[in-house]
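Please treat every number below as a calculation from the coordinates, not as lab data. Fair warning: this is a prediction, and the values are worked out from it, not measured in the lab. So basically every Cβ, Gly included, is an ideal-geometry build from the backbone, and we count neighbours across all protein chains shown.
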Amino acid sequence: MIKKRYLRFVIAILGDSAPNQSDLNARVVSMAFRDAGFEVIYLGIDNSPDEIIKAAIQEDADGIYLSMGNKSNLELIDETIRFAKTTEFFDSPKRHIFAGGFKTTPEKITELKEKGISEVFKKGLKTHKIVKNILELYEYN
């Protein structure tokens, strides 16, 4: 019998030092991922880009979901991608970084995708749509 391997995700909040909307977003997404059968490694608040990438590599994660609370953290997404590219994180084409929980423009979404974010989930998007999008990307339907 072939054992199905479930997706393993690191969920982290970039740069926030106190529980807020980005923490709530991360917790709700964590529950949705678990309900969908994902393995979740929840890092919580106040994570640096290098801490997140190192944790994902150590945990052999398939993906990272970055919960963002405000636009001031968008630069930290860039830093996270840059750091990931200096490590073995992207050695597998099946490893992805996602971001969500914040308001942004279509132009910024395009820019983030060009830099290496696989998908940006806008604030307010239903969690079942986030899960469906990720499952389709990984072809786990």
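Computed quantities for the displayed model
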read-out	value
Residue in segment 105-118 that is β-branched (Val, Ile, Thr) and in contact (Cβ under 8 Å) with a residue 40 or more places away in the chain present	yes
Among (1) surrounded by fewer than 21 Cβ atoms within 10 Å (Cβ to Cβ); (2) within 13 Å of the chain's Cα centre (by Cα), the one test that HIS128 misses	(2)
Residue match in segment 62-69 (condition: farther than 17 Å from ILE41 by Cβ, of a type outside the set (A, V, I, L, M) and within 14 Å of the chain's Cα centre (by Cα))	yes
Matching entry among PHE89, PHE83 (being touching an Asp or Glu at 6+ places or on another chain (Cβ under 6 Å) and surrounded by 14 or more Cβ atoms within 10 Å (Cβ to Cβ))	PHE83
Filtered residues of segment 103-118 (kept if crowded, with 18+ Cβ neighbours inside 10 Å and either among the charged types (D, E, K, R) or assigned to a loop (DSSP other than H, G, I, E, B) (or both))	ILE117
Neighbours by Cβ (under 8 Å, 6+ apart or cross-chain): first from segment 24-37, within 11 Å of TYR65 (Cα to Cα); second in a helix (DSSP H, G or I)	VAL29/THR127; VAL29/ILE130; PHE33/VAL131
Candidates LEU76, LEU43 - the one that is within 21 Å of LYS123 (Cα to Cα), part of a helix (DSSP H, G or I) and not β-branched (Val, Ile, Thr)	LEU76
Options GLY100, GLY124; residue that is within 23 Å of GLY15 (Cβ to Cβ) and either assigned to a strand (DSSP E or B) or in contact (Cβ under 8 Å) with a residue 40 or more places away in the chain (or both)	GLY100
Any hit, segment 67-79, residues being closer than 13 Å to PHE9 by Cβ and in contact with a strand residue (DSSP E or B) (Cβ under 7 Å, 6 or more places away or on another chain)	yes
Every residue from segment 40-64 that is buried (at least 16 other Cβ atoms within 10 Å of the Cβ) and either among the small types (Gly, Ala, Ser) or within 17 Å of ILE134 (Cβ to Cβ) (or both)	VAL40, ILE41, TYR42, ALA55, ALA56, ALA61, ASP62, GLY63, ILE64
